[in-house]
Amino acid sequence: MIILYRIYQKSTPNNRKVKLFTTFPSRIVKIKAVKPTTLDIYLNKTEIMNFKRSLLLPFVLSIVSNTSFAQPSNFNDLLDDATQGKITAQNNLAGMYYLGEGVVQDYAKAFEWYSKSAVQGNAEAQFNLGKMYDKGRGVTQDYVKAFEWYDKSAAQGNAEAQNSLGSMYYLGEGVVQDYAKAFEWYGKSAAQGNAFAQNSLGSMYYLGEGVVQDYAKAFEWYDKSAAQGNAFAQYNLAVMYQNGENVTQSDAKAFEWYGKSAAQGNVEAQHSLAGMYYTGRGVVQSDAKAFEWYSKSAAQGVVEAQNNLAAMYYAGQGVTQNYANAFEWYSKSALQGNASAQYNLAVMYKNGVGVTQNYVKAFEWYSKSAIQGNASAQNDLGVLYDTGLGTMKNTALANEWYLKAANNGNNLAQLNIGYNYLYGQNGLPKNRTQALNWIRKAANNGNAQAKLVLAGLE
C-alpha cells in the first residue's frame, strides 16, 4: 500500500521564498530559498500486513439474506402463514419487520420471528438471528449466541453464515481465536461464491495466517472477489499490481482497480487513487484530480489524506491557495497523530502563516512530531531549544535533538552538529574531525550550504 505524504517547506502568499528559521546565531542553519517539496513514503511489509488485517473483517452489507422474499399478496397473508408455523414465511416476515418493508420497522418483532423460524431449522433464519445477536439489534449483543446460530446455519451450507463464522474465528468473538478454523470456514463460503469470504480468504493467504503464505493464491481469490464488485478485494488487487506481488507490476492495472474501489467509497482506495493522480503513475498527472480524491478520503477521516489535502491547499496545487484551509486540514490530521501533519502545523505556527505566529504552539507540535521520529521536526525542535523560542533555552536538549535528527538523515541537523563540533558549542568539544565528518554527511545528503562550508574547510 502506498501512502503519499507531502511535507512542504513553506512559501509566502506571493510565492516569495522564506527562511525556514528566523535569523538566529550563525551556527544555526538558515535556508535562503526553499521551494515546496514532497516526500513519498512507502509502507513497509509489517505496515502493509497490518492494514490487510483491517480489511479481513466480516463485511456483510445486510442482516437479511440475499434470498428474495416469497411474499403473498399482502402482509396479512404472510402473517397467517407465519402464525401457522411455516418457517419460510416466518423468516420472510421477520425480514419485513427488520427492513420496515410493508410494515413499521421493528427489530424486536424481527427477532421474534427469526427465532421461531430458526428453532425449526431454517438456515437463513439462523443466519439472520446470528446477525441480530452479533450486532445487538432487537436483542442484547451476545457474540456467543451469535456464534451458536451462525454455526447451525453454516453446518447447513449457508454461505453467508460460513463467512460470518470465519470472521468470528478470525477475531476471536464468541469463540477462542483460531486462524485455521477461520480459514476453513472462509474457504467453504468462498467456494460457494461469497465475495466477502473470497476477499478474506485472499487476505489470509496474503498474510500467511491459518495457511502457508501464498501470494498466487491471494491474488486468485482477490481477483474472484473483485470481479464480483467487492470494493475491498478491488483495493487489495490494486495493491498487488502496484507492488508487483506475484503479478507483473502494472501502475495502469493498479490505477484501474483503485478507481473501481474508490468509486464505491473505499477511503483507502480514494487516497491511493489521489496519490497516483498526483504522481502521474498509471494515469496522466493531474493536481485537480488528486485534490478531488484527497478531498473525498480526507472527509472520511483518512489522516494521511488530510495531511496531503492540507499540503495542496498550502501550495495551491489543484486548488486556489488557501492557508486557512491548509491550517484546518493539518490540524485535523495532526490531532489524530499524523507526524507529518504535526510538523507542518508547527511550521505554520512558527512562521505565522494561516494562523497568528505562536512559538509556544510551534514548540508543542514540533515536540509531538519529533517524538514520533520525524527528522525535520527533531531538527526544528533543536533550533527552538537553541534559541529559547517557545520554550526555555537549553543547549544540551538542542544538541540532543540535533543528534537524533542527524542520525535520521536530516542534512540540516547534520550541518548544525558539524557547526557545534567546529566551534565547540552546545556542550560539544571543539573537534575538527567530527565537524568535518558531520558537515560531509550533510553535503553528501544534498545540503548546498554544507558543500560551501566543506569547500572552505578542506
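The values are calculated or read from the model by the stated rules, or taken from the named source; none is laboratory data. Only a predicted model underlies this, so the values are computations on that prediction, with no experimental measurement involved. Note that we place each Cβ from the backbone using ideal geometry, even for glycine, and neighbour counts take in every protein chain shown.
Of all the listed residues (Gly187, Gly193), the sole one being over 22 Å from the mean Cα position of the chain (by Cα), under 15 Å from Leu165 (Cβ atoms) and surrounded by fewer than 24 Cβ atoms within 10 Å (Cβ to Cβ) is Gly187. Looking across Asn322, Asn338, Asn308, one residue alone is surrounded by fewer than 19 Cβ atoms within 10 Å (Cβ to Cβ) and touching a helix residue (DSSP H, G or I) at 6+ places or on another chain (Cβ under 6 Å). It is Asn322.
Which one is surrounded by the most Cβ atoms within 10 Å (Cβ to Cβ) among residues in region 155-171 that are in contact with a Gly (Cβ under 9 Å, 6 or more places away or on another chain) and aliphatic (A, V, I, L, M)? That would be Leu165. Count of region 304-336 residues, restricted to those that are in a loop (DSSP other than H, G, I, E, B) and more than 25 Å from Tyr258 (Cβ to Cβ), is 4.
Counting the residues of region 431-440 that are crowded, with 20+ Cβ neighbours inside 10 Å and over 9 Å from Tyr421 (Cβ atoms) gives 0.
Within region 159-174, one or more residues are acidic (Asp, Glu) and more than 25 Å from the chain's Cα centre (by Cα).
Which number in (1) under 23 Å from the mean Cα position of the chain (by Cα); (2) surrounded by fewer than 18 Cβ atoms within 10 Å (Cβ to Cβ); (3) of a type in the set (Ser, Thr, Tyr) marks the one condition that Tyr343 misses? Every condition holds for Tyr343 apart from (2). The residue list Gly102, Gly121, Gly85 contains one member that is touching a residue at least 24 places away in the same chain (Cβ under 8 Å), surrounded by fewer than 18 Cβ atoms within 10 Å (Cβ to Cβ) and touching a Phe, Trp or Tyr at 6+ places or on another chain (Cβ under 6 Å), which is Gly102.
Quick one: in region 329-357, which of the residues that are of a type in the set (S, T, N, Q) and free of Cβ contacts under 8 Å to residues at least 12 places away in the same chain is nearest to Leu381 (Cα to Cα)? Let's see the steps before the verdict.
At the first step, the residues of region 329-357 found to be of a type in the set (S, T, N, Q) are 331, 333, 336, 338, 340, 342, 344, 351, 356-357.
Next, only the ones that are free of Cβ contacts under 8 Å to residues at least 12 places away in the same chain stay: 356-357.
Working: Thr356: 19, Gln357: 16 Å.
Selected residue: Gln357.
For every residue, the table says whether it meets (1) closer than 27 Å to Val355 by Cβ; (2) free of Cβ contacts under 8 Å to residues at least 12 places away in the same chain; (3) out of contact with any strand residue (DSSP E or B) (no Cβ under 6 Å at 6 or more places or on another chain).
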{"site": "Glu268", "(1), (2), (3)": "no, no, yes"}
{"site": "Thr279", "(1), (2), (3)": "no, no, yes"}
{"site": "Gly282", "(1), (2), (3)": "no, no, yes"}
{"site": "Phe291", "(1), (2), (3)": "yes, no, yes"}
{"site": "Ala298", "(1), (2), (3)": "yes, no, yes"}
{"site": "Gly301", "(1), (2), (3)": "yes, no, yes"}
{"site": "Gln317", "(1), (2), (3)": "yes, no, yes"}
{"site": "Thr320", "(1), (2), (3)": "yes, yes, yes"}
{"site": "Phe327", "(1), (2), (3)": "yes, no, yes"}
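Taken over region 427-445, the criterion of being more than 11 Å from Leu457 (Cβ to Cβ) and touching a residue at least 24 places away in the same chain (Cβ under 8 Å) is satisfied by Gly427, Leu428, Trp438, Lys441, Ala442, Asn445. Listed by first and then second residue, the pairs with beta-carbon distance under 6 Å, at least 6 apart or on different chains, first residue in region 132-149 and modelled with pLDDT of 95 or more and crowded, with 21+ Cβ neighbours inside 10 Å, second part of a helix (DSSP H, G or I) and among the basic types (Lys, Arg), are Tyr133/Lys145. Just one of (1) surrounded by fewer than 17 Cβ atoms within 10 Å (Cβ to Cβ); (2) part of a loop (DSSP other than H, G, I, E, B) fails for Gly174. It is (1). Please indicate, with yes or no, whether at least one residue in region 266-279 is farther than 30 Å from Ala346 by Cα, modelled with pLDDT of 95 or more and under 20 Å from the mean Cα position of the chain (by Cα). The answer is yes; a qualifying residue exists. When residues of region 365-394 are filtered for being buried (at least 17 other Cβ atoms within 10 Å of the Cβ) and in a helix (DSSP H, G or I), how many remain? Adding up the residues that qualify gives 19. Considering only residues in region 226-264 that are without any contact (Cβ under 8 Å) to a residue 24 or more places away in the chain and closer than 20 Å to Gly193 by Cα, the one that is farthest from the chain's Cα centre (by Cα) turns out to be Ala227.
Conditions tested, residue by residue: (1) closer than 23 Å to Asn307 by Cα; (2) at pLDDT 95 or above; (3) of a type in the set (Lys, Arg).
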position	(1), (2), (3)
Tyr349	yes, yes, no
Trp365	yes, yes, no
Gly373	yes, yes, no
Leu381	yes, yes, no
Thr387	no, no, no
Met392	no, yes, no
Asn447	no, no, no
Ala450	no, no, no
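Collect the residues in region 396-430 that are closer than 16 Å to Gly373 by Cβ, touching a Gly at 6+ places or on another chain (Cβ under 8 Å) and crowded, with 22+ Cβ neighbours inside 10 Å, keeping them in residue-number order. Within region 396-430, Trp401, Tyr402, Ala405, Ala413 meet the criteria.
Screening the candidates Gly259, Gly282, Gly265, Gly301 for the property of being closer than 15 Å to Asn230 by Cα and assigned to a loop (DSSP other than H, G, I, E, B) yields one hit, Gly265.
Taking the condition small (Gly, Ala, Ser), part of a helix (DSSP H, G or I) and touching a residue at least 60 places away in the same chain (Cβ under 8 Å), does Ser200 pass?
Yes; evaluated as a whole, the condition is true for this residue.
Applying a threshold of 7 Å to beta carbon distances and a minimum spacing of six or more residues, or different chains, the list of pairs starting in region 390-401 at a residue that is over 15 Å from Phe363 (Cα atoms) and ending at one that is surrounded by 18 or more Cβ atoms within 10 Å (Cβ to Cβ) and aliphatic (A, V, I, L, M) reads Asn399/Leu428.
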